[in-house]
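Bear in mind that the values in this text are calculations on the coordinates, not laboratory data. Model, not experiment: these values are computed from the prediction. Note: ideal-geometry Cβ built from the backbone for every residue, glycine included; neighbour counts use all protein chains shown.
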Amino acid sequence: MFSLAPFCEEPKKKAVKKLGFLRSLAFAVCLIQNLSAEVTSLDRPSPAWLRDAVIYQVYPQSFCDTDGDGIGDLRGVIAKLDYIKSLGCTAIWLNPVFDSPFGDAGYDVRDYKKIAPRYGTNEDARRLFEAAHQRGLRVIFDLVAGHTSVQNPWFMESAKSESNVYSGFYLWVPPSEPGSVAHEGSRPENFIKNFFDFQPALYYGYAKPVASNPWERSPNDPQSLAVREAMRDVMKYWLDLGCDGFRVDMASSLIKGSDRDGGAALRELWSDYHGWLNRNYPEAVLISEWSNPAEAIPAGFDIDFLIHFNEPPYQHLLDPWIGKDTDPNPFFDRDGHGDIREFLDGYLKLYQATRQLGYIAMPTGNHDFSRPRFHGRDENDLKVIYTLLFTMPGVPFIYYGDEIGMRYFPDWPKKEGAMWRGGCRTPMQWDGSPGAGFSTAPVTNYYLPLDPDPHRPNVASQEGEPDSLLNFVRRLIALRHANPSLDNLGGFEPLYAEQNKFPFVYRRTGGPQDFIICVNPTGTAQTCEVKALRGAHPVLTNGATREGSKLTMPPVSYAVFDCSPELNLSASIHKSP
C-alpha cells in the first residue's frame, strides 16, 4: 500500500503523544482523499481547452524543410499539421521563430515582430495559425521575455550615451560590478546578461531596491513599466495575428532580486499579464519555464513544467541529462536502483498546491536536455515511460520525434550555442531515405547531422506497424481523450508506491470509469497486492496480469486497467508484444 509516512509528523523521540500522531494521520488521509477527487473546475479563469490538451513541441529548424536550405521552416510545420493532429495532439508549441542572429538558436531576439527569414515570413505565420485552427489545433509561440540580442534595436538605442526612450530598458551597472558585460555602444556602463554574454537582461525592476545601488529601481518605476508594456505589445501583436498563447522562457528571471520579497513583485508582474490575457484573450494560454509549479502557477501561469532544474521530481523519474546526470538512479531504469518515493513525495506537494489553479506538465523531453531514448533505453522502455507520462494529471507534452523513439547524442555539434543540447535537436526522421525525408538539401547541409544509424526509427515505417511506438502513443492519447478520469484534471491516487520497491501503481478517477495504471521499469518481474485491482479489466498491457488483488508484472512492463464494475465494451483490450 502507499505509505502515508511522508505526510505525517516524523517522531523525533520514541515517545510520541498519541493525539499528535492521530492528528497527523488524519491530515494525511484527508490529503490523499483530496487528491483522489476530480477537479471539476479551476478556482480562477483558465482556457477551457486546456482540460483536454495534449501539446506537441516543434523545434522549427529541425522539423521539416520545404525550401531545400537544410533548415526547417513554417511551411514545413503547416505541411505536417495533419500528422500532428493524427497523434491526438490539440496544440503546438514552437521554439522561437523571431528574427535573430542565432547565437542561441533564436533565444537571442533581434526583432520580436518579425519572423526570421530562414523560417519564412509573418504571412507564413498567419497561414500557420489559420491552417492549424481549421484542424482544431492551437499554436503557441515561445516568448523570450527576459532578454534580447545585443543586435536588438531596443538594446542598440539603450547602449547610447544620449538619453532616449530605451535608455532604461536594460540593466546598466558600473563596469566594476561582478559579472557585468562590456559593449560596443557609447554608454559608459556595462550591462547585466541573462544567460550568454550577447543576451542583455530586459529590466523589469528590482524587488526592494537598495538605495546604495543607484541602478536598482522598483518594478513600479515608470521605466520598468515601459518595459512591461513593450512586451505586452509584442504579445498583442501575435495574438491579434492568430497566436494562441505563449511559453515563456526563463519566466522567473524578469524581476531581479526576487528573494528579497519572497517573489511578491514577480508574482505581481505575471498576475498582471495573466489578468490582461483573461480580459482580452480569454482562450490564450500562458506557460512558464520555471520548474516550480507551486510558485509559477499561483503567480499567473496556466501551466508550468517540471523539468531538469529547480524542483527535482522529474529528475528522479528520468535523469534528464544536461552534460551530467541530474539523478544517476532514476525510477525509469532497468537496474532497479530508482525510488518512486523520490519522485512522488515532491510531486504530491506540488500537485496539491496547484491542482485547483492550473496544470503541471511533465514532457517526454525538450530542446534543453536529453531525449528519453538515452541511458541504454529502447522502445520497450519508452512504452513504460509513456504509459506514466500520458496517464498522469496535468498537460502532456510530446517533444518532436519522441513519439517514434528518436535517440539522443551527447557529443553532437554545439551549433548556435547548443552545448550538450545539440544531440536532442537532430532533424526529424520522417522516412527511411538517406535524408530521412527532412529536406531535399544534401544531408551535409542539414541544420544538424542526422542519427547515423541506417535503421534509425522513422514515421513511415512505424505508421504501418500496429505495435510500433508511434501507434502506441496514439492509443494512449486516444484513451486519455475518451475517458474523463484520465484527463488533465481527473483525480490521482497512489495505490502502491513503496520506497525502493516496484511497481508503481496509481488510480485515476472522476469519470464514468476509473483506471488503474501500473508500471514496472525494472529488468526483473515484480509482484504486489493492490485491493482496488479486484475485478479490474485490462485495457492496455504487455503481459501484466492480476489474480484477485495480486498484480504480476514481467520485466519492463506496463498495464492500464479499467476498474469500473463492468467492462466498457467500447474500450478495446490491446496487448503489446
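At-a-glance table
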read-out: Over the chain: helical MRE at 222 nm, DSSP H runs n ≥ 4 each giving -39500 (n - 2.57), nearest 500; value: -7500 deg cm²/dmol
read-out: Rounded to 10°, Cα long-axis angle of helix 122-134 versus longest principal axis of the chain; value: 20 degrees
read-out: For region 155-162, 3J(HN,Hα) per residue [Karplus equation, 6.51 cos²θ - 1.76 cosθ + 1.60, θ = phi - 60°, Hz, x = Gly/Pro]; value: 5, 4, 6, 5, 7, 7, 6, 6
read-out: Cut-off under 5 Å, modelled amide H: who pairs with GLN526 long-range; value: MET553
read-out: Using distinct alpha-carbon pairs, which all enter the 1/r mean, Kirkwood radius of region 142-280 in Å; value: 15.6 Å
read-out: Mean Cα-pair separation over length for the chain, i.e. relative contact order, pairs under 8 Å, 6 or more apart, %; value: 14 percent
read-out: Estimated D of the chain in µm² per second, where Rh is the Kirkwood radius over Cα pairs and Stokes-Einstein applies at 20 °C, 1.002 mPa s; value: 86 µm²/s
read-out: Dimensionless Rg ratio for region 468-531, taking C-alpha atoms and the 2.2 N^0.38 Å reference; value: 1.25
read-out: Helix 222-241 axis, angle to the chain major axis (alpha carbon atoms, nearest 10°); value: 60 degrees
read-out: Ranking of ARG279, ARG138, ARG51 by count of other Cβ atoms within 10 Å, fewest first; value: ARG279, ARG51, ARG138
read-out: Those trypsin sites (Lys or Arg not before Pro) in region 365-429 that DSSP places in a loop and that have at most 13 other beta carbons within 10 Å; value: LYS414
read-out: Solvent-free Debye scattering, log10 I(q)/I(0), computed from the Cα coordinates of region 212-342 at q = 0.17 Å⁻¹; value: -0.94
read-out: Total formal charge among the other residues, if their Cβ is under 9 angstrom from that of GLY422, Lys/Arg +1 and Asp/Glu -1; value: +2
read-out: Per DSSP, loop GluC sites (Glu not before Pro) in region 167-247 with at most 12 further Cβ within 10 Å; value: GLU184
read-out: For peptides 157-164, 283-290, 350-357, 483-490, sequence by mean Cβ density within 10 Å, most packed first; value: 283-290, 483-490, 350-357, 157-164
read-out: Cα gyration tensor of region 301-380 - equivalent ellipsoid semi-axes, whole Å, descending; value: 22, 15, 11
read-out: Rounded to 10°, Cα long-axis angle of helix 469-482 versus longest principal axis of the chain; value: 80 degrees
read-out: Principal axis dimensions, largest first and in whole angstrom, of region 264-330 by Cα; value: 45, 25, 18
read-out: Cα centroid separation, region 432-453 to region 113-159 (Å); value: 26 Å
